[in-house]
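Structure first, then comments.
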Amino acid sequence: MLRRWSSPRLAGPGQARVNPLCLDSSGLPCNGRLRLLSFNIQVGISTERYHHYLTRSWQHLLPHQGRAQNLQRIGELLANYDLVALQEADGGSMRSGFVNQVEHLAQLGAFPYWYQQLNRNLGRFAQHSNGVLSRLEPQGLEDHPLPGPSGRGAILLRFGEGEDALVVVVMHLALGGNTRTRQLAYIRELIGPYRHQVLMGDMNTHASDLLEHSPLRDLGLQAPQIEATFPSWRPSRCLDHILLSPSLTLERVDVLARASSDHLPVAVEIRLPDSMHGDALPVPKVGLK
């Protein structure tokens, strides 16, 4: 395993949190299809012009009444999906009104399972996090700080058992190319033992770089989404991706025109292999506490 020279946290197992209000969710659709979405929500700040980075920058430090309405809109969107990857969520600090945005969006979207990964802890001022919302109960969950300067992380989820398990990695990669290469090499090691792979997140680079010039290049991954996602008001760069292994069949891909962040959300629908239907991915347990 690659060493992390500058991360204060250690990789280790995590536990998905349970939303007790919606454990009657039906879990995996019976048609074997899975709806995935990745969204950098910019801690609930709606950015619609370049000058908003200046005029609304205070919202990265202080609460704002418009944030709740924006999160409500985001929650309504997320409710249409089975598995959601969130980047730039706040885990409950002054700027979010001490609301854990991952948990809050799980409640708004009626997701039975959620997990918050705290990557940059600024105490009462900011709890910079990645998050996962799921209608499926993961059989394994791992929390991984990524190589390079502290503040970047990946969440690995495993659904099912053995060689037919589905592994999903949620990530927010670095801006710098050299650091990003180290991070992708680390992720390549994590997913190596698995056949069915999904990588989701704000990867801060284009698909061609990921598939042709990164440590992922030998995996044969698909990058179905090539439309620009950033900035949301005039997209010119394709930074947000959902990468799929060849064993997973793409049914649909969309970049959603939502002015809820400075990034646009990316959504795909995939068809799972026959071996993963039925009991391979257990549904949520009604009554679990």
Does any residue of the stretch 191-212 turn out to be in contact with a Pro (Cβ under 6 Å, 6 or more places away or on another chain) and touching a residue at least 60 places away in the same chain (Cβ under 8 Å)? no
Those residues of the stretch 1-30 which are in a loop (DSSP other than H, G, I, E, B) and at pLDDT 70 or above amount to Arg9, Leu10, Ala11, Gly14, Gln15, Ala16, Asn19
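Here is a yes/no grid of residues against (1) part of a loop (DSSP other than H, G, I, E, B); (2) surrounded by fewer than 24 Cβ atoms within 10 Å (Cβ to Cβ); (3) at positive phi:
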| residue | (1), (2), (3) |
| --- | --- |
| Gln107 | no, yes, no |
| Val132 | no, no, no |
| Leu156 | no, yes, no |
| Val168 | no, no, no |
| Ala174 | yes, yes, no |
Scanning the stretch 75-104 for residues that are without any contact (Cβ under 8 Å) to a residue 40 or more places away in the chain and in contact with a strand residue (DSSP E or B) (Cβ under 8 Å, 6 or more places away or on another chain), the one nearest to Ile155 (Cα to Cα) turns out to be Val102
Next on the checklist: Any residue that is modelled with pLDDT under 90, in a loop (DSSP other than H, G, I, E, B), crowded, with 21+ Cβ neighbours inside 10 Å and touching a Lys or Arg at 6+ places or on another chain (Cβ under 7 Å) - is there at least one of those in the stretch 85-100?
Outcome noted: yes
Leu219 passes all but one of the listed conditions (1) surrounded by fewer than 23 Cβ atoms within 10 Å (Cβ to Cβ); (2) farther than 22 Å from Leu157 by Cα; the exception is number (2)
In the set Pro273, Pro231, the lone residue that is open to solvent by less than 60 Å² (accessible area, probe 1.4 Å), in contact (Cβ under 8 Å) with a residue 60 or more places away in the chain, closer than 16 Å to Leu34 by Cα and over 16 Å from the mean Cα position of the chain (by Cα) is Pro273
Of the listed residues (Arg152, Arg195), the one being closer than 22 Å to Gln42 by Cα and open to solvent by 10 Å² or more (accessible area, probe 1.4 Å) is Arg152
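The values are calculated or read from the model by the stated rules, or taken from the named source; none is laboratory data. Values in this document were obtained by computation on a predicted structure and should not be read as measured data. As a convention, Cβ positions derive from the backbone with ideal geometry for all residues, glycine included, and neighbour counts pool all protein chains shown. What goes into the accessible areas is simple: the full protein's heavy atoms, side chains included, and nothing from ligands, DNA or RNA. Shrake-Rupley method; radii C 1.70, N 1.55, O 1.52, S 1.80 Å.
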